[in-house]
Amino acid sequence: MKTLLVAEYRDGKILASSSELINFAAQLGAESAMVLVGSETTLPHYQGKLYLADSTKIGEFNPSQHKQLILEVIEKEQPSMVVLPHSSYGWDLAPRIALALKAAQISEVVEIKDGHLVVPSCNAKLRRRVKATTNISVVTLQGGAFTPAEDPDGTPEVIKVEVAADGDIQFAGYEEAETGGVDLSKADIIVSAGRGIGKPENLAMIENLAKALKGEYGASRPVVDAEWADPSRQVGTTGQTVTPKLYVACGISGAIQHLAGMKKSEFVLAINTDKDAPIGEIADVLAVADLKQLVPILTEKLNAL
Amino acid sequence: MKLLVCIKQVPDMESKFKVNAAGNWYEETDLAWRMNEYDEYAVEQAVQLKQQVGEADLTVLCIGSDRVKETMKKALAMGCDRGAHIADDASHLKDPYTIASLIAAYAKDKDFDLIFTGMQSQDRGSGQVGVLVAEMLGIPSLTTLVEFSYADGTINAKRELEGGIKAKVSCTTPALVTCQLGLNTPRYPTLPNIMKAKKKELISTPVDDLNPQPSLLEVLQVAPPEKKGGGLILEGDPADLADQLIQILKEKTTALA
Ligand SMILES: Cc1cc2nc3c(=O)[nH]c(=O)nc-3n(C[C@H](O)[C@H](O)[C@H](O)COP(=O)(O)OP(=O)(O)OC[C@H]3O[C@@H](n4cnc5c(N)ncnc54)[C@H](O)[C@@H]3O)c2cc1C
């Protein structure tokens, strides 16, 4: 079996997901080639053929042209699987390639089980084992699911490719994340509020627990989107990545995008009314309780110590 | 201006999910159903655009059994003008390619200027349908939007990337956009609007009229994830729980040192 790995490049850098693609192909026992819209000055560590297009010519984000380029490489390499990261780049590009090939797309693969690909459903409460019925398939990989134990090495054999630079979408550059606010990455103890707090007034009890533990408070995305907490408090793929000694998740279900930002915490305590909440998968302790009752009592008892 | 917003009805994610008898999806009984969260942002953005341009006709489309009409009524109460229900009791077994083929078949000769979808559904989470529809129709698509503006046939938007970074993108209509959480603040339908929605057009079309394309994916098995174990689950009276938690924090962490 042969795979074509589509590496991701942003703001002049190759993203770490490229090593996950390589590891995935290795786990499948598949041959691979790689394609990258990037630069010759920053090559990925990879032992194999790298089809390289110049991002300064066609743009780091230019989906119709990236698609065109990848289709041309597919024509040459004849892979039976095209693999991308399940990221803002990958989930945007993958269906475009899949439709052009009339190929099945398998999104957000988390595991290879008995030769089949496994994907999550219903906020990771279920898993589906799926199979493409087409000869070629397009696959995206969940971030972190195929992180190799060691970074790959090697120098690719570069084959330069080109494609016209036009396209139907104009890309006018990046806007950096807002800075300012708290830097949660430095906190030793974080108590985070999720949608389970129910209303903005209840954020105070999370703050109080954080104070009682001499830590900072954080939040899941819905709490930030609802403007109950400052964006700098958001933990997750689109917020901050934190590694505290203690992370207390209050009313947070444990969506993959949240877990990605806090799963390296040393100790995780979850407070949730739902015994099956996916946060239980990574929590050291899951206290099945209504946070509105447990958090104030816990705070009071801590303050009395 | 002609606008289309595509929505899906999904179970509340706090539900307890059981695998169905066929072993290919979850059991649909005993679940509370709601609008896919991402689609709420899509509906809101479409309604805001309609209000901005004044002259616009906004259709909400949903594929599924009669049960999904409840969710369509919410979209109508939020401000959509008419509902196009594609009646299909087996929509949950169709893959993103088939679902997209239905939407594209519906939209093909209707000259929509702009189509809105959520970036993914909460249950299946494939994140494919919006882009596939656009590709099938041959129009540009902008995905994962957290900011959107429209003027004179041009969309200026921001895509959300990882780590809080955004990409500034634009394209001209006709186009399709997929909406990310936080794009706007979805409105709650007011009582008068809920009443008005009851009188709005909601037409069901049998799915077979739209010539569904066969699925490209086969589901071999659906199961809950294997419990990795390890984690301790505590239940009981909150005061007792608090005492147990403090004990654990003392023994297992340096938090109280
Ligand atoms: C591209 C992308 C990027 C994303 N980035 C992020 C990110 O950076 N960070 C992030 O957090 N999310 C992110 N998300 C969103 C993510 O998918 C989830 O939607 C989000 O994390 C859910 O937040 P939550 O757990 O607070 O809410 P929910 O999933 O709604 O969970 C609420 C939880 O509270 C529990 N609960 C309810 N009431 C109570 C109570 N009284 N007491 C105790 N528990 C209670 C419920 O059982 C449930 O488990 C992203 C999504 C996408 C698609």
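Taking 31 Å as the limit for the C-alpha separation, the pairs B:LYS74/B:LYS110; B:LYS18/B:LYS158; B:LYS18/B:LYS198 exceed it in the case of B:LYS18/B:LYS158; B:LYS18/B:LYS198. Taking 15 Å as the cut-off, the amide N atoms of the stretch A:143-176 that come nearer than this to a point 7 Å along the Cα-to-beta-carbon line of A:ASP54 belong to A:159-166.
Going by neighbour counts of Cβ atoms within 10 Å, the residues A:LEU305, A:LEU5 line up, fewest first, as A:LEU305, A:LEU5. Within the stretch A:90-132, the proportion of C-alpha pairs whose separation exceeds 15 Å stands at 48%.
Determine how many Å³ per residue the convex hull of the Cα atoms of the stretch A:18-67 encloses.
Details: hull volume 4.3 nm³, N = 50.
Given the Cα convex hull of the stretch A:18-67, per-residue volume reads 86 Å³.
Given a cut-off of 19 Å, what percent of all Cα-Cα pairs of the stretch B:152-257 lie beyond it?
For the stretch B:152-257, the share of Cα pairs beyond 19 Å comes to 80 percent.
Residues B:LYS94, A:LYS199, A:LYS113, ranked from the fewest to the most other C-beta atoms within 10 Å, line up as A:LYS199, A:LYS113, B:LYS94.
Scoring B:243-249, A:117-123 by mean Cβ neighbours within 10 Å over their residues and listing the highest first yields A:117-123, B:243-249.
Counting only residues at least eight positions apart within a chain, or on another chain, the lysines with an alpha carbon under 28 Å from that of A:LYS76 are A:LYS2, A:LYS13, A:LYS49, A:LYS57, A:LYS67, A:LYS102, A:LYS131, A:LYS160. May I ask for the angle, rounded to the nearest 10°, between helix A:90-101 and the longest principal axis of chain A, with both axes built from Cα atoms and the value confined to 0 to 90°? Computed tilt is about 40 degrees. Expressed as an acute angle from 0 to 90° and rounded to the nearest 10, what is the orientation of the C-alpha long axis of helix B:238-252 relative to the principal long axis of chain B? In chain B, helix B:238-252 runs at an angle near 70 degrees to the longest axis. Taking B:PRO11, B:PRO224, B:PRO214 as the candidate residues, the one with maximal mean-square fluctuation in a Gaussian network model of chain B, Cα springs under 10 Å, is B:PRO224. Here the peptides B:123-129, A:8-14, A:186-192 are ranked by packing, the mean other Cβ count within 10 Å, and the order with the highest first is B:123-129, A:186-192, A:8-14. Centre-to-centre separation between the Cα atoms of the stretch A:224-249 and those of the stretch B:1-62: 27 Å. Any lysines with Cα under 26 Å of the B:LYS252 Cα? List them, leaving off those in the same chain fewer than 8 positions away. Counting by Cα, and skipping residues close in sequence, B:LYS252 has these lysines nearby: A:LYS186, A:LYS211, A:LYS214, A:LYS245, A:LYS263, A:LYS264, A:LYS275, A:LYS292, A:LYS301, B:LYS227, B:LYS228. Remark: A:TYR174, A:TYR51 ranked as A:TYR174, A:TYR51, counting other beta-carbon atoms within 10 Å and listing the fewest first.
Helical runs assigned H by DSSP (4 residues or longer) give chain A a calculated mean residue ellipticity at 222 nm of -7500 deg cm²/dmol, each run adding -39500 (n - 2.57) before division by the residue total. Relative to the longest principal axis of the Cα atoms of chain A, helix A:17-28 runs at roughly 70 degrees.
Using 0.36 nm per residue and subtracting the Cα-Cα separation, the extra length available between A:GLU150 and A:ALA30 on full extension is 41.3 nm. Here, the stretch A:184-303 has an Rg and a Dmax of 12.4, 34 Å when only alpha carbons are counted. Taken residue by residue and averaged, Cβ atoms of other chains lying within 10 Å of the Cβ of A:268-274 number 3.
For A:LYS199, a cut-off of 12 angstrom between C-alpha atoms picks up these aspartates and glutamates, skipping any fewer than 8 places away in its own chain: A:GLU227. Is chain B rounded, prolate or oblate when judged by the Cα gyration tensor, a ≥ b ≥ c being the square roots of its eigenvalues, rounded requiring a/c under 1.5 and prolate requiring a/b larger than b/c? Verdict is prolate for chain B. Between the stretch A:151-210 and the stretch A:11-78, the alpha-carbon centres lie 23 Å apart. The spread of Cα positions in the stretch A:2-160, taken along each principal axis and listed from longest to shortest, comes to 42, 35, 27 Å.
Over all residues in A:167-176, what is the mean tally of Cβ atoms on other chains that come within 10 Å of each residue's Cβ? Please list the in-between numbers first.
Numbers: counts 2, 8, 11, 8, 5, 6, 4, 7, 8, 4.
Shielding by partners across A:167-176 averages 6.
State the percent of C-alpha pairs, over all pairs in the stretch B:89-237, separated by a distance greater than 28 angstrom.
Working: 4337 of 11026 pairs.
Beyond 28 Å sits 39 percent of the P(r) for the stretch B:89-237.
Put simply, the convex hull of the Cα atoms in the stretch B:57-109 casts, on average, a shadow of 3.8 nm².
Using only the Cα atoms of the protein assembly as shown, build the gyration tensor, take square roots of its eigenvalues as a ≥ b ≥ c, and label the shape rounded, prolate or oblate: rounded if a/c is under 1.5, else prolate if a/b is larger than b/c, else oblate.
Numbers: a/c = 1.57, a/b = 1.18, b/c = 1.33.
The shape class here is oblate.
Here the calculated FRET efficiency for A:ALA164 and B:SER170, from their Cβ-Cβ distance with R0 = 25 Å, stands at 0.85, rounded to the nearest 0.05. Counting only DSSP beta bridges with both residues in chain A, the antiparallel share comes to about 20 percent. From its DSSP helices (H runs of at least four residues, each -39,500 (n - 2.57)), chain B gives a residue-normalised ellipticity at 222 nm of -8500 deg cm²/dmol.
What number results when the radius of gyration of chain A, computed over Cα atoms, is divided by 2.2 N^0.38 Å? Here the answer is 1.13, to two decimals.
No value in this document is a laboratory result; all are computed from the given coordinates. Since we're looking at a predicted model, the values are computed, not measured. Heads up, the Cβs are rebuilt from the backbone with ideal geometry, glycines too, and the neighbour counts pull from every protein chain shown.
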